Amino acid sequence: MAIPDFQSIMRPMLEHLADGRIYRNRETNEFLAEYFELSEDELSEMLPSGYARLFDNRIGWAKTHLKGAGLIESPARAQYRITNRGLDALAQNEKPINLAYLKHFDEYKAWQSGSGIEKKHDTESSTDELTPIEHIELGFKKIREELESELIDRIKVGSPAFFERVVVELLVAMGYGGSRKDAGQTLGKSGDGGIDGVIKEDRLGLDVIYLQAKRWEGTVGRPEIQKFAGALQGQRAKKGIFLTTSGFSSEAKQYASLIDSRIVLIDGETLAGLMIDAGIGVSRVATYDVKRLDSDYFDE
């Protein structure tokens, strides 16, 4: 079953709390996971940022809205129980419990206005499936994906020397190659049996990594990886990185995972992502500092 949106969680959550007991977050989350018959993979699905699980985030927002409308209350940190208003809502079986229903309560409208989300929900359908955090994260993800695509397009139209410079700057920014000068001197100089360059694994040069960098349009297949692996064996090397602006076939990936030499495959999407993380070829436009309540601060 697909992960439910936060509004679909509201009624089952109230049904879980209907006996009037105080429940902890973990108990509620476990009940809802079983109620919606979610698999382990679904329960493990993370927000795009990776800082929290998607289902837990939606449960949290369902609680936030129900509490804002006075249908549940929190007598202690991470603990919730139903209110008389919540019991009344459950008794009205014909009415769905969602944002449209909650707007009938003056306390909820006041809470919306105070939290700054009233205008947002007035312009959206009451069946909106995303929480505010998800809107932010998915918007960020879309911007990042578009930037990754732009980066690869620019690299593809650049010269081979430009691509080599990108690889050098990226690897140095990630902590490899020692100085930029050292890394630049070793890339693009070998050309020996499928090896484009050699770079230090660390600043002291205790080990080296062999490189192959190709600006390809088509998919890189197994033969190219075999050629690179053979070149590594010829150098008695165990570590290599194969970078491309395109992608790798499933056969190429499987071959790289089975051989003794450790070959890391970096496709265009991964390359662009690493560039963004390292600040290569990009500049910061804006920073948004999202904060949440520190419950420990209010413990007495």
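Read-outs: derived from the displayed coordinates by stated rules, not from any lab. Just so it is clear, the model here is predicted, and its values are computed rather than measured. Positions of Cβ are backbone-derived with ideal geometry, glycine not excepted, and every protein chain shown enters the neighbour counts.
Relative contact order for segment 214-300: what is it in percent, counting Cα pairs under 8 Å that are at least 6 residues apart? Don't skip to the answer; put the middle values down first.
Working: 91 pairs, mean separation 23.6, N = 87.
Relative contact order here is 27 percent.
Pop out the ³J(HN,Hα) list for segment 169-176 in order, Karplus 6.51 cos²θ - 1.76 cosθ + 1.60 with θ = phi - 60°, rounded to Hz; leave Gly and Pro as x.
My calculation for segment 169-176 gives 5, 5, 5, 5, 5, 8, x, 9 Hz in order.
With an 8 Å Cα cut-off and a minimum separation of 6 or more residues, compute the relative contact order for the chain in percent. Before the final figure, lay out the partial values.
Details: 387 pairs, mean separation 36.2, N = 300.
This gives 12 percent for the chain.
Give the residue from Gly68, Asn29, Pro12 lying farthest towards the positive end of the charge dipole for segment 10-130; charges sit on Cβ (+1 for Lys and Arg, -1 for Asp and Glu) and the dipole is referred to the Cα centre.
Gly68
Rounded to two decimals, what is the ratio between the C-alpha radius of gyration of segment 10-130 and 2.2 N^0.38 Å? Show your work: numbers first, answer last.
Working: Rg = 14.5 Å, N = 121, 2.2 N^0.38 = 13.6 Å.
Rounded to two decimals, the normalised Rg is 1.07.
Which order do Asp267, Asp88, Asp41 fall in if you start with the one that has the fewest other Cβ atoms within 10 Å?
On the way: Asp267 20, Asp88 10, Asp41 7.
Arranged by neighbour count, lowest to highest, Asp267, Asp88, Asp41 become Asp41, Asp88, Asp267.
So, R0 is 41 Å and r is the distance between the beta-carbons of Leu87 and Lys142; what FRET efficiency does that work out to, to 0.05?
With a Förster radius of 41 Å, E is 0.50.
If you rank Met13, Met46 by fewest surrounding Cβ atoms within 10 Å, what's the result?
Details: Met13 27, Met46 14.
By the 10 Å Cβ count, ascending: Met46, Met13.
Sort Thr270, Thr28 so that the residue with the fewest other Cβ atoms within 10 Å of its own Cβ comes first and the one with the most comes last. Let's see the in-between values first.
Values: Thr270 15, Thr28 21.
Arranged by neighbour count, lowest to highest, Thr270, Thr28 become Thr270, Thr28.
Projecting each Cα onto the charge dipole of the chain (Lys/Arg +1, Asp/Glu -1 at the beta carbon, about the Cα centre), which of Ala100, Ile3, Gly158 comes out farthest on the positive side?
Gly158
So how tilted is helix 268-278 from the main axis of the chain? Cα-based, degrees 0 to 90, rounded to 10.
It works out to around 80 degrees.
Show the residues, 5+ positions off or on another chain, whose built amide H is closer than 5 Å to the amide H of Ala213.
Under 5 Å from the amide H of Ala213: Asp196, Leu243.
In terms of modelled amide H atoms, which long-range or inter-chain residues lie less than 5 Å from the amide H of Val208?
For Val208, whose amide H was placed from the backbone, the distant partners under 5 Å are Glu201.
So what are the ³J(HN,Hα) numbers for segment 37-43, from phi and the Karplus equation (6.51, -1.76, 1.60; θ = phi - 60°), rounded to whole Hz, Gly and Pro as x?
Once rounded to whole Hz, the list reads 6, 7, 7, 4, 5, 5, 5.
Before anything else, pin down the relative contact order of segment 149-278: Cα pairs under 8 Å, at least 6 apart, normalised by residue count, whole percent.
Working: 219 pairs, mean separation 28.1, N = 130.
Rounded, it is 22 percent for segment 149-278.
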